[in-house]
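To start, the structure under review is shown below, and the notes come after it.
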Amino acid sequence: MSHDSTAAPDAAARKLSGRRRKEIVAVLLFSGGPIFESSIPLSVFGIDRQDAGVPRYRLLVCAGEEGPLRTTGGLELTAPHGLEAISRAGTVVVPAWRSITSPPPEEALDALRRAHEEGARIVGLCTGAFVLAAAGLLDGRPATTHWMYAPTLAKRYPSVHVDPRELFVDDGDVLTSAGTAAGIDLCLHIVRTDHGNEAAGALARRLVVPPRRSGGQERYLDRSLPEEIGADPLAEVVAWALEHLHEQFDVETLAARAYMSRRTFDRRFRSLTGSAPLQWLITQRVLQAQRLLETSDYSVDEVAGRCGFRSPVALRGHFRRQLGSSPAAYRAAYRARRPQAEKQADAENTQTQSPAALGMGAGQQGPGGAGQSGHAAAHHHQDHPVPLQARRTAAASAVGSSASMSADHRDAYVPSRVGLPGQRSGT
């Protein structure tokens with residue numbers, strides 16, 4: 001899912017200064033940047049694909065600081081241009097920034113500000129949004145970044161309207177994207193904006209990616225919060241909320257536990273996490289529902305009750321809005337697409353735990369009790385599929401040592417990209 005702002009028509013209609021050209025794209029690289037994100041605009045805008053019906057851009061790769069530039073993996077790059085080349089570009093892309101806590105070079109920020117003042121389109125991919133925010137280009141604007149860094153972006157730059165749910169945000173002359181692959185989504189969107197659906201579709205076929213990806217970042221969000229919250233009084237309230245998701249409570253309950261008015265609590269919570277407390281709470285309940293749908297045989301009604309939803313209807317509504325699928329369809333798709341490797345691992349584990357593998361005779365008892373056969377053990381294991389091993393550090397560590405959480409809430413599952421029926425179409 002994407003966000004195309006219509007609130008800034010003046011910005012979208014601004015004209016380039018005489019020395020800038022619409023077809024020229026400058027990519028601003030810094031030392032320490034991840035090579036994958038850095039390569040995305042180079043591949044999209046730097047390769048001549050006119051034979052496939054993709055209009056050609058002219059690419060200028062610019063060093064944002066003195067080189068050589070060291071990337072992830074220890075590679076060293078030498079950019080053919082410096083900051084002066086940005087003055088010719090109609091589009092300037094910042095694909096990444098090396099640290100979300102350190103300030104970018106002031107010379108690079110000045111170059112971005114000048115480019116924007118002269119009508120250039122400014123693009124930040126993933127952590128590149130932090131560079132745009134440091135330059136003041138996101139003040140008062142909607143923006144996104146990788147969901148994991150969105151709370152930090154919101155806290156560090158409170159005037160930026162950060163939405164961690166979007167794959168990318170187009171606000172006319174300033175555009176931002178979520179992490180890694182979402183950078184491809186935004187670059188395709190730029191081609192589509194400049195040259196139409198046919199050109200974007202031709203480029204997508206060359207890159208072997210969908211022309212428009214469905215959904216947003218909701219399915220990847222976990223319950224982690226910025227590390228800075230660990231020393232904040234809200235940490236204990238957040239930890240309590242995560243530990244009691246199975247209970248029915250609302251934001252007023254959380255505000256009362258924080259000894260704040262609802263208005264003050266909303267403002268304080270948003271400044272720390274980049275999200276409204278109600279939306280955050282709903283997201284956590286949906287995430288918990290995902291985990292139960294994947295790892296248990298509870299009915300949808302039971303899942304709703306164990307996740308604090310007032311009714312199964314409420315669960316279904318929020319689940320579909322966030323993930324584009326019903327809970328039942330999500331469970332069916334998850335089980336149908338369970339990785340073959342896990343099934344093989346299950347079979348190996350079952351063989352290892354069988355009486356024969358443990359060196360037991362047919363009459364000996366295994367760990368499961370008297371008379372449990374290898375077949376019965378295998379059947380029991382298959383009835384309770386193990387969850388995916390892609391789990392993130394829980395909010396237990398993110399909210400500080402004072403947070404006391406049950407084992408069931410210490411790990412927050414980041415859902416895998418399974419294909420689900422009824423997913424929302426990107427816009």
Item to complete: Could you pull the accessible area for Thr295 with a 1.4 Å probe, rounded to 10 Å²?
Response: 50 Å²
Worksheet item: In whole Å, what are the Cα extents of the stretch 58-102 along the three principal axes, biggest one first?
Response: 30, 23, 17
Worksheet item: Points 7 angstrom from Cα along the Cβ direction at Glu107 and Val313: gap in nanometres?
Response: 6.4 nm
Worksheet item: Cα-Cα pairs above 19 Å in the stretch 98-163: how many percent?
Response: 24 percent
Item to complete: Leaving out ligands and nucleic acids, note down the accessible area per residue over the stretch 1-154 with a 1.4 angstrom probe, in whole Å².
Response: 42 Å²
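Please compute the length gained on full extension between Asp301 and Arg49, using 0.36 nm multiplied by the number of residues separating them and subtracting their Cα-Cα distance. Write out the running numbers ahead of the final one.
Working: separation 252, 0.36 × 252 = 90.72 nm, distance 5.23 nm.
85.5 nm is the gain from fully extending Asp301 to Arg49.
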Discussion item. What is the sum of charges, Lys and Arg at +1 and Asp and Glu at -1, for the other residues whose Cβ falls under 15 Å from the Cβ of Leu75?
Written reply: 0
Practice prompt. Please sort 117-124, 189-196 by packing, taking for each peptide the average over its residues of neighbouring beta carbons within 10 angstrom, highest first.
Written response: 117-124, 189-196
Item to complete: Note the full-extension length gain between Glu198 and Ser159 as 0.36 nm times their separation in residues minus their Cα-Cα distance, in nm to one decimal.
Response: 10.3 nm
Discussion item. Sort Arg141, Arg310, Arg114 by heavy-atom solvent-accessible area, probe 1.4 angstrom, most to least.
Written reply: Arg310, Arg114, Arg141
Practice prompt. Quick one: net charge around Ala200, please, counting Lys, Arg +1 and Asp, Glu -1 for every other residue with C-beta under 13 Å from its C-beta.
Written response: +3
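If I stretch the segment between Arg114 and Arg58 completely, what's the gain in nm (0.36 nm per residue apart, minus their alpha carbon distance), one decimal? The partial results should precede the final answer.
On the way: separation 56, 0.36 × 56 = 20.16 nm, distance 2.02 nm.
The Arg114-Arg58 span can extend by a further 18.1 nm.
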Worksheet item: In whole percent, how big is the carbon plus sulfur part of the accessible area of the stretch 26-120, probe 1.4 Å, protein atoms only?
Response: 52 percent
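The values are calculated or read from the model by the stated rules, or taken from the named source; none is laboratory data. These numbers come from a predicted model, not from an experiment. As a convention, Cβ positions derive from the backbone with ideal geometry for all residues, glycine included, and neighbour counts pool all protein chains shown. Calculation scope for accessible area: heavy atoms of the full protein, side chains included, ligands and nucleic acids excluded. Shrake-Rupley method; radii C 1.70, N 1.55, O 1.52, S 1.80 Å.
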